[in-house]
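S.K.: To start, I am sharing the structure in question, which I have written as structure tokens.
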Amino acid sequence: MLDKIKGLAKKYAPEFIEVRHHLHAHPELSYQEFETSKLVQQQLRSFGIDYEIKAETGVVGLIKGKNADRRIVALRADMDALPITEENNIPYKSKIDGVMHACGHDVHTSCLLGAAKILNELRNDWEGTVKLIFQPGEEKNPGGASLLIKEGVLENPKPSAIFGLHVHPGLNTGKMSFRGGKVMASADELYITIKGKGGHAASPHLCIDPILIASHLIISLQQIISRNNNPHNPSVLSITAINGGTTTNVIPDEVKLKGTFRAMNEEWRFKAHELMRKMATDLVSSMGGKIDLLIDVGYPSVYNNEALNELAMEKASEFIGKNNVEETEKRMGAEDFGYYSQQIPGCFFRLGVMNKEKGITSGVHTPTFNIDESAIETGIGIMAYLGSSVVFK
Ligand code: NI
């Protein structure tokens, strides 16, 4: 089976590199993946795979092998692009101004389509059912994964495991990296408005200075992390925008702050929200101001089931050799794959796409991000191999 998959991945890689070029040239923002969705549907139809539409642009396909009920595994790809203007000079450069596949979701979609073609072709050679999940809106709240789950993507049939692959521009092509346990953080957005009372800067006693209040608040919020969180538990708060005032001699009426809060422990995460609310309200009112604090709750942390991760690492070792399988680092970035891994055992792993000799080293979410496309053969192959061989109860 492994050799068959390897052979077909090699054979079909050029076809799916073309698919990737098309997707890359025609990127679509989160929840607007209409053309991408049509392309995915058209490809699945051409392979003879049944699918249904969920959350407008999501496509969920089913491939049944022998004894379809014996094991059910889900494979997930995300489809959306980012509001970034591409700076690469490549023949398949984005044709859409200000929109770019800068996080490799074109690659994820192409790899899963390739795997689908192989799994379908070999469906008499493996047992069980593979659920293909092409999801919208990974880059933007509320997260396509949460919408698909609400629409029942993890039911009928219910998978016993789910895998997601993500390109890794810091890892050489030909390699993959894995980690069990907590691998990525939750991400919540903070929107704060501090209301004071503006006036002449030479008469602060007649004003309530929201700039001074904001300064205290920014420092105090950091103490929530440093004094209340267990240091063994990664968590970070960054205030990333501060807007208020226009000139040297006027105290403004209000100051607006924005920020992000990240954690790897759901209990701490919601406790921290409470602490932030209390501290912000008490501090601002003690200084005479008023506050609006919105914590926009985003993706949960990503938890990789330890046993499933072990199994996936074994499969990857069989596929690309043990020395090409590495342990990946924890990240404070977020991924809506966390929603799936809250519901069923999940494994989110990395596919190396870096090639220093070819000058392919730019990070994700940058205007010069690209991949060494020889990684696509590996990506197709590993998804097909996991889909056809992992047995997990
Ligand atoms: Ni991404």
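The values are calculated or read from the model by the stated rules, or taken from the named source; none is laboratory data. For clarity, every value in this text was computed on a predicted model and none was experimentally measured. Using ideal geometry, Cβ is built from the backbone for each residue, glycine included, and neighbour counts are taken over all protein chains shown. The protein model used for the area step is the full one, side chains on, heavy atoms only, and it has no ligands, DNA or RNA in it. Shrake-Rupley method; radii C 1.70, N 1.55, O 1.52, S 1.80 Å.
S.K.: Could you check the spin-label model distance between K356 and D69? Points 7 Å from the Cα along Cα→Cβ, value in nm.
M.R.: Label-label distance for K356 and D69, simple model: 5.4 nm.
S.K.: State, to one decimal in nm, how far the label point of H232 lies from the label point of K11, with both points 7 Å from Cα in the Cβ direction.
M.R.: With each label point 7 Å from Cα toward Cβ, the separation is 5.2 nm.
S.K.: Mind checking the full-extension length gain between L2 and E151? Use 0.36 nm per residue of separation minus the Cα-Cα distance, one decimal, nm.
M.R.: On the way: separation 149, 0.36 × 149 = 53.64 nm, distance 3.41 nm.
Taking 0.36 nm per residue and subtracting the Cα distance, the gain is 50.2 nm.
S.K.: Taking a point 7 angstrom from the Cα of T240 along the C-beta vector, which residues in segment 53-79 have backbone N less than 11 Å away?
M.R.: none
S.K.: Take the solvent-accessible surface of the protein heavy atoms, probe 1.4 Å, and return the percent of it on the chain that carbon and sulfur atoms account for. Let's see the in-between values first.
M.R.: On the way: 8510 of 16930 Å².
Carbon and sulfur together cover 50 percent of it.
S.K.: To the nearest 0.05, how large is the calculated FRET efficiency for K95 and V297 if R₀ is 35 Å and r is the Cβ-Cβ distance?
M.R.: Numbers: r = 35 Å, r/R0 = 1.01.
For K95 and V297, the calculated efficiency is 0.50.
S.K.: Also: Roughly what % of DSSP beta bridges within the chain run antiparallel, to the nearest 5?
M.R.: Working: 46 of 71 bridges.
Antiparallel bridges make up about 65 percent of those DSSP assigns within the chain.
S.K.: Here's another thing I want to ask about it. What share of the DSSP beta bridges in segment 25-176 is antiparallel, in percent to the nearest 5? Kindly include the intermediate steps, with their values, before the conclusion.
M.R.: Values: 12 of 25 bridges.
If I count the DSSP bridges inside segment 25-176, around 50 percent turn out antiparallel.
S.K.: Tell me the label-point distance for the pair S286, E87, using the 7 Å Cα-to-Cβ offset, in nm and rounded to one decimal.
M.R.: Result for the modelled spin labels: 4.5 nm.
S.K.: Whole number in Å², please: accessible area per residue of segment 91-241, 1.4 Å probe, ligands, DNA and RNA not counted. Walk me through the numbers on the way to the answer.
M.R.: Details: 5710 Å² over 151 residues.
Counting only protein heavy atoms, the per-residue value for segment 91-241 is 38 Å².
S.K.: Below 14 angstrom from the Cβ of D253, what's the summed charge of the other residues (Lys, Arg +1; Asp, Glu -1)? The partial results should precede the final answer.
M.R.: Numbers: positive: K195, K197, K256, K290; negative: D209, E254, D292.
That sum, taken over residues with Cβ under 14 Å, equals +1.
S.K.: Given the pairs K330/K356; K11/K175; K38/K158; K4/K140, which span a C-alpha to C-alpha distance of over 30 angstrom in this model?
M.R.: On the way: K330/K356 23 Å; K11/K175 20 Å; K38/K158 25 Å; K4/K140 38 Å.
Violating the 30 Å Cα-Cα cut-off are K4/K140.
S.K.: Any aspartates and glutamates with Cα under 13 Å of the K10 Cα? List them, leaving off those in the same chain fewer than 8 positions away.
M.R.: Once the sequence-local aspartates and glutamates are set aside, what remains near K10 is E373, E377.
S.K.: With helices defined as uninterrupted DSSP H runs, which ones in the chain have an alpha carbon span along their own long axis of at least 15 Å and mean Kyte-Doolittle hydropathy of at least 0.5?
M.R.: 210-228, 375-389
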